[in-house]
Amino acid sequence: MNSLNRRLGNPVKSHLPTRGGLDTTVAIHWLRERFNAEVITVTVDVGQDDDFRDIEERAYRLAPLSITR
């Protein structure tokens, strides 16, 4: 993360690939608290059998800056 932005108190935008699991849930909170990051989650459909509606709902509950699919 950009240390100048942190020192100035400016939020840093961070893109985070997510499937909505525990690891990314923790990472979103950690990035916000540690780096004052505005988190943008990204989920890509490359043919896997994931439930994208469920992933999207979980992502919205975490309230990132935006969600990209």
Discussion item. Can you give me the distance in nm between label points at Val12 and Thr25, each placed 7 Å from the Cα along the Cα-to-Cβ direction?
Written reply: 2.5
Worksheet entry | Under 5 Å, built H, 5+ apart or other chain: amide partners of Arg19 | none
Worksheet entry | Sites Glu33 and Arg53 - FRET efficiency at Förster radius 30 Å, r taken between beta-carbons, to 0.05 | 0.55
Discussion item. From the phi angles alone, apply the Karplus equation (6.51, -1.76, 1.60; θ = phi - 60°) to segment 47-56 and give each ³J(HN,Hα) in whole Hz, x where the residue is Gly or Pro.
Written reply: x, 6, 8, 7, 8, 5, 5, 5, 4, 5
Worksheet item: Got a sec to turn the phi values of segment 28-43 into Karplus ³J(HN,Hα) couplings, 6.51 cos²θ - 1.76 cosθ + 1.60 with θ = phi - 60°, whole Hz, x for Gly and Pro?
Response: 4, 5, 5, 4, 5, 6, 6, 10, 6, 7, 8, 8, 10, 8, 10, 10
Response to the item:
Non-local residues with an amide H under 5 Å from the amide H of Val39, with H modelled 1.01 Å from N and Pro and chain starts lacking one, are Ser14, Leu65
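Counting other C-beta atoms within 10 Å, which of Val39, Val26 has the fewest, and how do the rest follow? Before the final figure, lay out the partial values.
On the way: Val39 26, Val26 10.
Arranged by neighbour count, lowest to highest, Val39, Val26 become Val26, Val39.
Read-outs: derived from the displayed coordinates by stated rules, not from any lab. All figures in this text were calculated on a predicted structure; none of them were measured in a lab. Neighbour counts are summed over all protein chains in view; Cβ atoms, including those assigned to glycine, are modelled from backbone coordinates with ideal geometry.
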